[in-house]
Structure formats: structure tokens, C-alpha cells
Amino acid sequence: MSALDTTRLDAPASVGRLQTIGLGVGLVGLALSAIGWFVAPEQFFFSWLLAVSLVVTPSIGCLALLMIHHLTGGAWGTVARRVWEAGAGLLPLLFLFALPLLLGLDVLYEWARPEAANDPLLVHKSAYLNESGFAWRMVVYFVIWSGLAFWLRRLSHRQDQAPDPNLSKRMAAISAPGLVIWALVTTFAYMDWLMSLEAHWFSTIYGVYFFGGSGLAALAVTILVSVRLRRDEPMTGALAPRHFHDWGKLLFAFVLLWTYFGVSQFLIIWAANLPEEIVWYLHRTRHGWGYVGVALAIFHFAVPFALLLSRDLKKNAGRLAWVAGFLLVMRWLDHLWQIAPVAHPDQFVIHWLDVAAPAALVGLWLAGFCFLLRRHPILPANDPYLEEAYGDESH
């Protein structure tokens, strides 16, 4: 194994090609979404919400993994740190993606419609569920997420200039309260955006359900990007089977975490059998939507669970990438299952905008991600764990 040359840590040229592909897909999807705005305006807002909620999860997941790594240290996250910094750094862009939702609040949410004034429960909740409150909270969520990401990225890039051990301590000091703040902000964000689609229903575990989904999405992106990066230097020598093994174990853990929260919510609500609670599941188990729930149980849990039990698969980057890519498709299906039954409560419909809008934002997310990944060294040259992290199994 050759020693790491810290003077040559530019991102491979393949990142630029990936950026071009992402931009092309994003622009095509954006054009189709613009058409959808005119031909199916109500469906557009539901599909755009699907797209926004989908692309936010890997970015906030990257932010959470970044803070966990700064707190725990170790080789497992050092070689992925720039991937997580780039993913988290996109949060200001995602705020711009979310702004069109404010134009369709009365389409998306029953509490934003005039008839809500005749519903005693919605009137009771109106101090929180109102248009101005929704908008201001959205601003606060993205300011906090983006502020944490900016602060950590700024210190990380200062570390590239000089090996100051105090910078690692400062990033850890930020990450400790940052994780608590992240958890609260993420919980309230998904309560606002998705849970309040059916404002009569509530679940105290709903926000936590997206903790597992965001971590899973971020790890899946990490694995896919790293498989591509390892084809070229300097990542060929930096990424070893042990790194993919570590990420595969974490991916396995997040699959279980997502499943645990989902099953816990289902069992508690279904066992209690209260009319105001079970209606959410009734909407997602009738008119064909129940098949989507079964598909999630099989392909978001059972199949990945069985595959990720294999130690050999987790150490094989190519095979692990297939599992990661498949789980990202399941993340789209999970978000669709959360949102689409509200738009189509009496029939099973997957509208073409449910594909076009996510394609637009996923493509633009990928383009922005590659842009940020190319702006700084692909590895943190002065990270104290870099020598430990770099290289083959002998380390």
C-alpha cells in the first residue's frame, strides 16, 4: 500500500461528469414539473411535497452522521466526511426548493382551507397550524440545519489549512448540542410537512420515524458515491473493504431502526383501535394502498435485512451498492405512501408527477452535491484519524 499523498486530494474528474448527468436529469424533471403545474396544479403540489421531503432526508441525514462522527471519531467516518459535508451543505438550496409549497398550502392541508373554521378540532389547533406559522417555522428549520452545517464545514475547511487539534474539539463541542437540536427540528419539520396533511391524526413517534429514514438515505448515498469515487485516485487507496463493511453494518442498523419505529407506531395505534388514530392507517390500507404497505414491509425491511446479514456482501462494495440503491428507491416509495393517499383517498394512483418532481429535485441535488464535493479536498488532510483511516485491511 502506498502512503497517502496529502498534496493531491482533488476530487476525481468523474465527479464533474456525475454533476453534468445530475444537472441534465434535474432540468428535464424541472421542465416536466413546470408542465404539471399548469395541467394538474393540485397534483403538482402533492408531488412537489413528495420531492422536497425526499431530498431533505439525505441532507439532514448527512448532517446527523457528520455530528456523530465528530463526537465519536474513528476511521469509519473520516473517509466519508467530505461526502457528508457536501450533502449537509445543500440545505440552503433545499430551502429554495421548499418555497413553492407555500403557494399551495390550501391544496395540501385541510387546516389551511376556509372550511377549517367550521371544524372545532382544527380551530383548537389553529394557534399552531396556520399559514404564517407554517412559513416561519420552515424558515427556522432550514436556518438551524444550514447554520449547523455551515459552522462544521467552515471549521473542517480551516483544518485543511493547518493541523490544529483544537478544531476537532470545537467540532465535537458543536455536535453534542447540535444533535439534540437536530432531533427536535427534524421532528417538528416532519410533523408540519407530512403529519399535518391529516390534521385530525397524530402520532408521538412520527418525527422519530424519519430519523431512521434520514440516516438510511444518507448512508445509502455515502455508499453509492464512495463506490464511484474509489475507481480513481486518491480514493482508490483510501477506500478499503473495511470501510464498506462499517457502512454496511450501519445501513443494517438503520434498516432495523426505521422498521422498529414504523412497527411500534402501527402496533400501538392498531391495538388501541381509537377512531381518531386508526383513520391514518385505514387510508393507507384500502383502495390498493395496502399493497404499497406490504411492499415496504418486504422490500424496505425483509429483503435488505436478509441480504445485509451477510458479512461478505457488506465488504463487497459493488453488491452493497445495489442494496443501497434499492433502498433509495424504497425511500421514494415510503414517502409516496405517506403523501399520495391524501391526494387520492378513494383510489390507487401514482401520477407521472410523482416521478417527474422527485427526478427534478434529485437531479439538482446531485448536481449541487458534486459541485460542493469538488470545491475542497476530497479527504480531510489534517484530520487526526486520517492515517488510521487510509488504506487496506492491515490498518
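General remarks:
- Residues that are hydrophobic (A, V, I, L, M, F, W, C) and loosely packed, with under 14 Cβ neighbours inside 10 Å, drawn from the stretch 142-182: A162, A173, A176, V180
- None of A218, A295, A240 is hydrophobic (A, V, I, L, M, F, W, C) and in contact with a Cys (Cβ under 9 Å, 6 or more places away or on another chain) except A218.
- Q347 meets each of the listed conditions (1) in a loop (DSSP other than H, G, I, E, B); (2) modelled with pLDDT of 95 or more; (3) among the polar types (S, T, N, Q) apart from (2).
- Counting only helices (runs of 4 or more DSSP H) that fall entirely inside the stretch 192-288 and contain at least 2 residues that are closer than 30 Å to P377 by Cα and in contact (Cβ under 8 Å) with a residue 24 or more places away in the chain, the qualifying elements are 206-229, 235-238, 241-272.
- For the condition more than 23 Å from G237 (Cβ to Cβ), modelled with pLDDT of 95 or more, of a type in the set (D, E) and under 16 Å from the mean Cα position of the chain (by Cα), D334 qualifies.
- Annotation note: of L333, L366, the sole residue that is of a type in the set (A, V, I, L, M, F, W, C) and in contact (Cβ under 8 Å) with a residue 60 or more places away in the chain is L366.
- Here is the figure for the stretch 339-365: residues that are surrounded by fewer than 17 Cβ atoms within 10 Å (Cβ to Cβ) and among the aromatic types (F, W, Y) total 2.
- Here is the figure for the stretch 50-102: residues that are among the charged types (D, E, K, R) and touching a Cys at 6+ places or on another chain (Cβ under 8 Å) total 1.
- Residue match in the stretch 8-15 (condition: closer than 30 Å to H245 by Cα, under 23 Å from the mean Cα position of the chain (by Cα) and among the basic types (K, R)): no
- For the stretch 253-271, the count of residues that are buried (at least 17 other Cβ atoms within 10 Å of the Cβ) and closer than 18 Å to H69 by Cα is nonzero.
- Filter result (under 19 Å from L30 (Cα atoms) and without any contact (Cβ under 8 Å) to a residue 60 or more places away in the chain) within the stretch 102-122: L102, L103
- Given (1) surrounded by 19 or more Cβ atoms within 10 Å (Cβ to Cβ); (2) within 28 Å of L91 (Cβ to Cβ); (3) in contact with a Gly (Cβ under 9 Å, 6 or more places away or on another chain), number of the condition L336 does not satisfy: (3)
- Any chance P114 is of a type outside the set (A, V, I, L, M, F, W, C) and more than 29 Å from A367 (Cβ to Cβ): yes
- Condition met for L148 (within 23 Å of E388 (Cα to Cα), modelled with pLDDT of 95 or more and out of contact with any Lys or Arg (no Cβ under 8 Å at 6 or more places or on another chain)): no
- Where a residue in the stretch 138-161 is more than 17 Å from A86 (Cβ to Cβ) and its partner, wherever it lies, is among the β-branched types (V, I, T) and in a helix (DSSP H, G or I), with Cβ under 7 Å and at least six apart: Y141/V185; I144/I181; I144/V185
- Criterion: closer than 30 Å to I35 by Cβ and in a helix (DSSP H, G or I) - qualifying residue of A324, A357: A357
- Scanning the stretch 111-132 for residues that are assigned to a helix (DSSP H, G or I) and not charged (D, E, K, R) gives W111, A112, P114, A116, A117, N118, P120, L121, L122, V123, H124, S132.
The values are calculated or read from the model by the stated rules, or taken from the named source; none is laboratory data. Worth saying up front: this structure is predicted, and the values here are computed from it rather than measured. Positions of Cβ are backbone-derived with ideal geometry, glycine not excepted, and every protein chain shown enters the neighbour counts.
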